Every structure is written in structure tokens, then in C-alpha cells.
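Have a look at the structure below, then the notes.
Please treat every number below as a calculation from the coordinates, not as lab data. Treat the numbers as computed from the prediction; the structure is a model and nothing was measured. Every residue, glycine as well, gets a Cβ built from its backbone with ideal geometry; the counts of neighbours run over all protein chains shown.
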2 protein chains.
Amino acid sequence: MKSKKVTFADIASYTGFSKTTISRYFNNPDSLTLENQQKIADALVKLDYKENKVGRILASGKTEFVGIIIPNLYMHYYSEMLNQILATYETYGYKFLVFAGNAKADIERKYIEELLAYNIEGMIVLSPTIPSKELASYNVPIVGIEREDQYISSVNTDNYMGGVQAASLLRKSSCDILIHVNGKIQDTSPAFGRIRGFVDICEEYQLPYELILTDIGNTFDENRAGILQLEERLEKKYPDKKKGIFMPNDTHANVLLNILFQKYGKLPDTYQIIGFDNSPISREAVIPTSTVGQQISVIANEAMKLLSAQMEERKKRRPEPLKEPIHKVIAPILIRRDTTA
Amino acid sequence: MKSKKVTFADIASYTGFSKTTISRYFNNPDSLTLENQQKIADALVKLDYKENKVGRILASGKTEFVGIIIPNLYMHYYSEMLNQILATYETYGYKFLVFAGNAKADIERKYIEELLAYNIEGMIVLSPTIPSKELASYNVPIVGIEREDQYISSVNTDNYMGGVQAASLLRKSSCDILIHVNGKIQDTSPAFGRIRGFVDICEEYQLPYELILTDIGNTFDENRAGILQLEERLEKKYPDKKKGIFMPNDTHANVLLNILFQKYGKLPDTYQIIGFDNSPISREAVIPTSTVGQQISVIANEAMKLLSAQMEERKKRRPEPLKEPIHKVIAPILIRRDTTA
């Protein structure tokens, strides 16, 4: 029982205005007199006109669509960030096209190009797969989160401060050896700051430390295998020492914690663990895990604020594009729970 | 450095064809002679025409957009289901507009109405907030997953079989008392089948059992408080009995498991736990948790298959809408891990 849609032509013929005038009513109503606005508004009611947004998109170029490109939904940090970005719908009204790249660069590129063909207004990119230089060339507002961001605006946690906080906490817990586990991170990635902050504190206080920079995979099975190996190596190398371990994120900290619990029935006194992110798993773990908290909801909201300002600018008659990308840095918050003294 | 977009008018004036002919080239090319198709194709190359999908949407009504309405991203089952649905992009090419309703019915309704105004082609609805009768009235292809589905097509796990599997496993573990925890579920919800399956096995084998049907909230804090209370109550009521507990999902099973570990340093012999879903947390828990596994990837793919068939039908010249909603049922798979004997 589809009722036929009322078109601009129908409204024009009913009111006696031209189709151009009807279009102006929808897209620039102030260019009409109040009296004429009222006539058209009345006609819409009479004709039971239902707005067809696709028509408006074509007329105005405003789709209200924003793309979100995340690396995966396995890492709890990404699903929580997605959650917080989606929640901005209530504030901004943008609707989100979501894609999980899973490190397949070709498919991610194809997806983004499709989104652009649909005239999306902007993108939030968490996936590190496509270089920021290439993203910038798409010529659409983009905000990156926790990824290489030389050519695009971004919102990141102050990772250097995070590394400082983690090392300082482990120092106060009087660990004999401080260990930071992380991936093979490019020095252009925000996460690289964590390594610098961690090392700076260790060197400043002349604390023994080891960096273990290795790829421990993107799936649970890969993570578990890699972290099991890591734990055996540490056990062999530092058997009686008090080991303070700064893991790259809460998901991986949880895997290590479980391996230790399965072996010892508790977190042994020779281990201190601190994660990164304050994602939900840090509280859902067998014992609540200390973590360098990213303010995920603040980051999500700042990213949308930055993006929406750029998208609004584009709608002006003479938009002034950003001269330089804007990089916002959000302070991390150290959260002490039960895996550190 | 925006280059001006080439329009149908430009192509028309370059080739000498009418705009209608150009439009036919894009939407019904076989209505033109091969020679004329070639002329237009050559012109597109010359003019460096870039397809504008919004224009095509308006011409063809095909947006390639599908809405996904999930209740939240806190429950690991939903984020994994979302993950699997997004992954179907590679197979079907549909792009997903994602919304997390968080039980706010008004906002969910507004969001869905906006999506419809954008001519999305279909929806996958996991959120139980809006009754299927209302969803069906939107007159757009919809597939529900694990929600009330009287008036819409759906893909669900065979919940009754899941309840049977859980009770049977706990029976074999020679528990003294079988307990099923679940929410206050409507009997129209697929999850209600679990309760029936569980009770039928208990009665068939004359096993003592208790149903605890109570709302334990949608956030970690609410869950933890509720399950802590629950554990204290069971401890008091059945102190020395071997308790076989069938939790409503793996997220809640994990909370119970952690409470017991924090109290006893292990899973005591007087407890057997089985979850539901086989979502990632069941493996990421302190000890791998037994669970009635939903085949999440199978469900996601079946849902897209069902939806895409309905969306394709709509594009035919004389579409034949479904006479009755189709309900697909997917078998659960019992996964025995370390929380049951």
C-alpha cells in the first residue's frame, strides 16, 4: 500500500510557485518572504508531503552521514570508542556508516571510495592502514584517533604522559625490573610516545628496564600464544625479581593476568601489571586491573566537535578550509586498581 | 582545488543526446543501441566523469545502505554480532548505518525514521525496544535477530535446544541443584525457549531446580551488584550442595566466575557454570567458560542472505513481497570448557 510520493513539481503546481522557489524554501528559506514561506508550509500539510532526504541531499549536498573506520571490534578499546561515537547522534544528529578494516588495505580503500561517492560529509578514522597523506587527498573533513596523523586533524591521548604515569607507578611499587610490552610501532604513531615516556622515567631514576617490542597479533589465539611465550621468557630471565609489566592495552593485560591466575591461582607477589585504555575489560578481569585510562568518551566527543566544525564550515557560502590540521591532546588518567601495589 | 563535477547536462550537451537518454544509459543501458552506449562511454572518459552515487540513488532508488539497530555495545555478544555483520560487506557490498539504542525508545524511533527518509534498503534489528508489528509497518525489508519477531522475518538460535543442552550438561556433572538465571523475558522473545528447554529436562529427570528470573541491568556496575547478591543468596540457601548454574550469557557468567575467584582463588568444586553465546569473553575469562554457543557468524550471514533476497526482490519490475515472515532457526553448539566437569 505505497502512497505516491509528493514531489517538488506537485508542490509547485499546487502553490503556483516555480520548482526553483520550492527548492529555495527547503534549502534557503530566508530568501523567500515570510508570506511565501507560509503558503508553501500550508501546501505541504495539505499535500501530506513527507520529506525525502535523498532529494535534499541532491539539492544541498548535506547527507548527515559520517564514516567510521575502525581496525577491528576484537579490541575492547575500539568497541568502546565506537559506542561513544555512536552516542553523539543525540547531540549532533550525524548518522554513522561503520566499517571494520581488519588490516585489509584494499577493501578499506574501496569502502572509503564508495563512501565518498555517496557524499558522506566526513570521516573518523581509527584504522592505521591508510597513510594520513592519502586520507588528506580525499579532500573531505577527517579526524584521526590514535593513529599516524601528520596530514589530518586528530584527537589523541597524551601517550608520553601515559608512559610516564605507568613507569612512575611501577617505580613506586618498588619493582626490580620494569618491562614495557608493545607492538613494533612506527615513531609517527601516537602510541610511540608511551615508549618514550616509559624510557625517560626509567633512565631518570636509573631503573633497570626492558622494552619488548613485538607483534602479538590481532586475534585472541595469537595473543594468548604470544603472551604465554612472553611470560615463560620473563619467568626464566627474572625468576625471583619483582617484575613490573606495562602492557600495551587492557585486552592484552587481561590475557597475561589470566595466564598467571591459571598457573598460581592468584597474581603472585613477583608481578605487578598495568594496562592501557581503561576499556571495559580492565574492570571485567578476574581482579580489577590498574590502567592508564584514556578518556574514551572525552576523545569521542572532541573528535565529533572537531569534525562537525569542519563539516559546518563546508556548508558556508565561502568556506575557509583549515590551513593546518588541528591536533588535540587529551590527558590520560592513571587508575590504580588491584594489580599494582 | 575542487574540480567542478561533470553533470548529466554536460554529458548531454557534449554528446548531443537528451538528458533522459543519459539517465537511461546509467539506469537501463540495454534500452540504448550498442553504438549509442559506446558514444556515451567515450564521452565519460573524455569528460573525466566521476560517478556520483547520490544521483544514482535518486534515479534508481538503490542506496546500498542497511541499518543495524543493536541494543548496546557493552554485551560482548552484540559487538561480536556487529563485527560479523560488518564483515559481510565483502560479500554483499551493503554499507551499514549502525545505531546503539541503549533502551531509549524515542531516540531509536527517530533514528529509524531518519534512516527511512534516506531510503535505506533494509534493516537488521537486534534491539527489542520497538515491537515487530510497528517495525513491519515501516514497509521495508527487516530481519530480526534474537528478539520478538512475530511480524518480521528473523534468524534465531534454537533457544529451546540451548536450554536442553545446558541442563543436560549440568545433569551429567551430577549437580545437586540446577539454577537458571535469566531476565524477566516475555514469552514472545526467542530467549524464552531457553527457560522452557531447561525446565523440561529438569522435570523429565526429576532434578531439583530453581529459576531466578530477575533484571540484572545493562551496565557492568549493575551486573556486578546484582550477581554479587545472587551469589550470596545461593551460598546461604545451598551451602554444601553442588550448584549447577546456567547464566543468561557469557558476560554475566564471567562476572559470576570472577566473584568466585576473588572469594576462593579458584572455581570451588561446589560450583559448575555454563554461559550462553560463545562470545569472546567466554575464552578471555580467567578460566575458559563452558557455554551454549550461538553460531554468531552463521547467524550474521543467514540474516544478510535473508535480507538481501528481500532487498533484491524489491528491485524487480514486479516485486512479490513475502506473504509470511520467514523464521530461520540455527542450532546451538554446546562447548565444554573448564567451568563444568
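For segment A:159-295, the square roots of the Cα gyration tensor eigenvalues, ordered a ≥ b ≥ c, give a/c below 1.5, which places it in the rounded category.
Which whole number gives the average, over all residues in B:257-265, of C-beta atoms from other chains lying within 10 Å of the residue C-beta?
Values: counts 1, 6, 1, 1, 5, 5, 0, 1, 4.
Counting other chains' Cβ atoms within 10 Å and averaging over B:257-265 gives 3.
Position A:L116: other-copy label points at 3.5 nm, ordered by increasing distance, label point 7 Å along Cα→C-beta. Under 19 Å between alpha carbons, and skipping anything fewer than 8 positions from B:K19 in its own chain: which aspartates and glutamates qualify? Counting by Cα, and skipping residues close in sequence, B:K19 has these aspartates and glutamates nearby: B:D10, B:D30, B:E35, B:D42, B:D48, B:E51.
Counting only DSSP beta bridges whose two residues both lie in segment A:240-341, roughly 25 percent are antiparallel.
Considering helices alone, the calculated mean residue ellipticity of chain B at 222 nm is -14000 deg cm²/dmol, with DSSP H runs of length four and up weighted by -39500 (n - 2.57) and normalised per residue. Counting, for every residue in A:283-289, the Cβ atoms of other protein chains within 10 Å of its Cβ and taking the mean gives 5.
Projecting 7 Å from Cα along the Cα-to-Cβ direction, the label point of B:G217 sits 3.5 nm from its equivalents in the other copies, listed shortest first.
Among A:V286, A:V45, A:V181, the order by Cβ neighbours within 10 angstrom, fewest to most, reads A:V45, A:V181, A:V286.
Of the listed pairs B:K110/B:K316; B:K133/B:K316; A:K236/A:K266; B:K104/B:K328; B:K104/B:K184; B:K237/B:K266, which have alpha-carbon separations greater than 24 Å here?
Long pairs (Cα-Cα over 24 Å): B:K110/B:K316; B:K133/B:K316; B:K104/B:K328.
Phi angles across segment B:277-290 convert, under the Karplus curve 6.51 cos²θ - 1.76 cosθ + 1.60 with θ = phi - 60°, into 3J(HN,Hα) values of 3, 6, 7, x, 4, 5, 9, 7, 5, 4, 10, x, 9, 5 Hz, Gly and Pro given as x.
Centroid-to-centroid, using Cα positions, segment B:94-126 and segment A:103-121 are 21 Å apart. Each residue of segment A:137-145 is assigned a 3J(HN,Hα), and the resulting list reads 5, 5, 6, 9, x, 9, 10, x, 10 Hz, derived from the Karplus form 6.51 cos²θ - 1.76 cosθ + 1.60 (θ = phi - 60°), x at Gly and Pro.
So for B:K237, B:K328, fewest C-beta neighbours within 10 Å to most, what's the order? Let's see the in-between values first.
Values: B:K237 12, B:K328 15.
Least crowded to most crowded, the residues run B:K237, B:K328.
Across identical copies of the chain, B:R314 has label-point separations of 2.6 nm, listed in ascending order, with the point defined 7 angstrom from Cα along Cα→Cβ. Largest GNM mean-square fluctuation among A:I40, A:I68, A:I107, using chain A with Cα springs under 10 Å: A:I40.
Partner lysines whose Cα lies under 16 Å from the Cα of B:K46, excluding those fewer than 8 positions away in the same chain, are identified as B:K4, B:K5. Picking from B:D250, B:D106, B:D176, which is most flexible by a Gaussian network model of chain B using Cα springs under 10 Å? Top of the fluctuation ranking is B:D106.
Taking amide H as placed 1.01 Å from N in the peptide plane, the amide H of A:S290 sits under 5 Å from that of A:G275, A:R337, A:D338, A:T339, A:T340, each at least 5 places away or on another chain.
Largest GNM mean-square fluctuation across A:N36, A:N278, A:N139, computed for chain A with C-alpha springs under 10 Å, falls on A:N36. Helix A:296-314 and the long axis of chain A differ in direction by around 30°, with both axes built from C-alpha atoms. Compared with the dominant Cα axis of chain A, that is its longest principal axis, helix A:220-237 is turned about 30°.
Proximity of backbone amide H atoms, modeled 1.01 Å from N, is registered between A:Y271 and A:K243 at under 5 Å, excluding neighbours fewer than 5 places apart on the same chain. Counting Cβ atoms of other protein chains within 10 Å of each residue's Cβ and taking the mean over peptide B:149-161 gives 0.
Against the main long axis of the alpha-carbon atoms of chain B, helix B:76-86 sits at an angle near 20°.
Backbone geometry of segment B:182-192 corresponds, through the Karplus equation with coefficients 6.51, -1.76 and 1.60 at θ = phi - 60°, to 3J(HN,Hα) couplings of 7, x, 7, 8, 5, 6, 8, 7, x, 4, 4 Hz, x marking Gly and Pro. Amide H contacts for A:K328 (H built 1.01 Å from N in the peptide plane; partners 5 or more residues away or on another chain; cut-off under 5 Å): A:S154, A:V155, A:N156.
Bridge orientation summary for chain B: considering DSSP beta bridges with both residues in this region, about 10 percent are antiparallel. Take each peptide in B:109-119, A:267-277, count the other Cβ atoms within 10 Å of every residue, and average; sorted highest first, the result is A:267-277, B:109-119.
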